[in-house]
1. So B:SER75 ticks every box in (1) touching a residue at least 40 places away in the same chain (Cβ under 8 Å); (2) within 7 Å of another protein chain (Cβ to nearest Cβ); (3) closer than 28 Å to A:ALA27 by Cβ but one. Which box is left unticked?
2. Just give me the residues in the range B:78-110 being within 14 Å of another protein chain (Cβ to nearest Cβ) and either assigned to a strand (DSSP E or B) or within 19 Å of A:GLY80 (Cα to Cα) (or both), in sequence order.
3. Inspect the range A:60-78 for any residue being of a type in the set (Phe, Trp, Tyr) and open to solvent by 40 Å² or more (accessible area, probe 1.4 Å) and give the result as yes or no.
4. Mind counting the residues in the range B:88-102 that are within 13 Å of the chain's Cα centre (by Cα) and open to solvent by 60 Å² or more (accessible area, probe 1.4 Å)?
5. Can you tell me which residue is surrounded by the most Cβ atoms within 10 Å (Cβ to Cβ) among those in the range B:19-32 that are more than 9 Å from chain A (Cβ to nearest Cβ) and without any contact (Cβ under 8 Å) to a residue 40 or more places away in the chain?
6. Output the number of residues of the range A:1-48 satisfying the condition of being out of contact with any helix residue (DSSP H, G or I) (no Cβ under 7 Å at 6 or more places or on another chain) and hydroxyl-bearing (Ser, Thr, Tyr).
Protein chains: 2
Amino acid sequence: MPLKFRQATREDLPAIVRMLADDFLGATRERNENPLPESYVKAFGEIETDKNNELIVAEANGEIVGTLQITFTPSISFQGGKRATVESVRVDDKYRGQGIGKQLMQWAINRAREENCFAVQLTTNSERADAHRFYEELGFKGSHPGMKLYLK
Amino acid sequence: MPLKFRQATREDLPAIVRMLADDFLGATRERNENPLPESYVKAFGEIETDKNNELIVAEANGEIVGTLQITFTPSISFQGGKRATVESVRVDDKYRGQGIGKQLMQWAINRAREENCFAVQLTTNSERADAHRFYEELGFKGSHPGMKLYLK
């Protein structure tokens, strides 16, 4: 399926929140309501004005079929190397199994190369059984156990 | 030991690179030279001008004894929640075993609360055998396997 990748606009936000909520983990933590809770709109504004954050959508036939966020982080380590972090990767349930997630990630890896990043990194919730294999097939290695401390 | 935490200045950069290089992993990837390679200075400038990135040093008796970087990332997921990511945590070899790393991390956790983050996240190289327990003692849970794809 030919996909078009672009930065999300404010108008894409309902489709993005719908995909985030349509997920066994997201269902417990998102509020897919109409109108959207203001916190989503505020966060979109912060991402939109931050040159180191890009919220991306994949479009097919004019419809939003996937999303991810990519963050570029300058750092002193690795001789002042920049790293790319990918978060919130989702494919619309109706379009699963067609390689859209793989195309999304390949787009993100190319975007990281363009920005001269030394690595792309991500964490996946250990409850996402299939995700680990999906990322391994793209070349990722599980070399860095991820840890989280929830504050809320 | 009473510590003072503050944002790093350009003058702290040699001490920071020295700590990053004085490490079994860092030794293979940093260049602790005088003058410092330009890539470190460039990265410092990018961090300094990015409101979502803070390079922190811990000072004791006017000496730099530790460092970390904290990144704040706005996101759509978690109802537009902001997350904090901690990277490049180091304590000067001479000052190990005095609880400085713990104080550094507690400072970072408080900083994340100030910024209203819903979580603090980090990854540790699986070769850092003691790091996992250190972070668990601070309340972190290894709930999210981290994966990396090196591009260089």
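1. Condition (1) is where B:SER75 drops out.
2. Once the filter is applied, which keeps residues that are within 14 Å of another protein chain (Cβ to nearest Cβ) and either assigned to a strand (DSSP E or B) or within 19 Å of A:GLY80 (Cα to Cα) (or both), the range B:78-110 yields B:LYS82, B:ARG83, B:ALA84, B:THR85, B:VAL86, B:GLU87, B:SER88, B:VAL89, B:ARG90.
3. Yes: one or more hits.
4. Looking only at that region, the number is 1.
5. We begin by selecting, within the range B:19-32, every residue more than 9 Å from chain A (Cβ to nearest Cβ); these are B:19, B:21-25, B:27-28, B:32.
Those left that are additionally without any contact (Cβ under 8 Å) to a residue 40 or more places away in the chain: B:21, B:27-28, B:32.
Numbers: B:ALA21: 18, B:ALA27: 11, B:THR28: 8, B:ASN32: 16.
Per the criteria, the residue is B:ALA21.
6. Qualifying residue count, the range A:1-48: 2.
Each row is one residue, and each column tells you yes or no for (1) touching a strand residue (DSSP E or B) at 6+ places or on another chain (Cβ under 9 Å); (2) hydrophobic (A, V, I, L, M, F, W, C); (3) within 23 Å of B:GLN69 (Cβ to Cβ).
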{"site": "A:GLY80", "(1), (2), (3)": "yes, no, yes"}
{"site": "A:VAL86", "(1), (2), (3)": "yes, yes, yes"}
{"site": "A:TYR95", "(1), (2), (3)": "yes, no, no"}
{"site": "A:LEU104", "(1), (2), (3)": "yes, yes, no"}
{"site": "A:TRP107", "(1), (2), (3)": "yes, yes, no"}
{"site": "A:ASN116", "(1), (2), (3)": "yes, no, yes"}
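Here is a yes/no grid of residues against (1) under 20 Å from A:VAL65 (Cβ atoms); (2) in contact with a His (Cβ under 7 Å, 6 or more places away or on another chain); (3) of a type in the set (Asp, Glu):
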position	(1), (2), (3)
A:GLY99	yes, no, no
A:GLU127	no, no, yes
A:PHE134	yes, no, no
A:LEU149	no, no, no
A:LYS152	no, no, no
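The values are calculated or read from the model by the stated rules, or taken from the named source; none is laboratory data. On a predicted model such as this, the values are computed, not experimentally measured, just so you know. FYI the Cβ positions are ideal-geometry reconstructions off the backbone, even for glycines, and counts take in every protein chain you see. Keep in mind that these areas ignore ligands, DNA and RNA; they rest on the heavy atoms of the full protein, side chains included. Shrake-Rupley method; radii C 1.70, N 1.55, O 1.52, S 1.80 Å.
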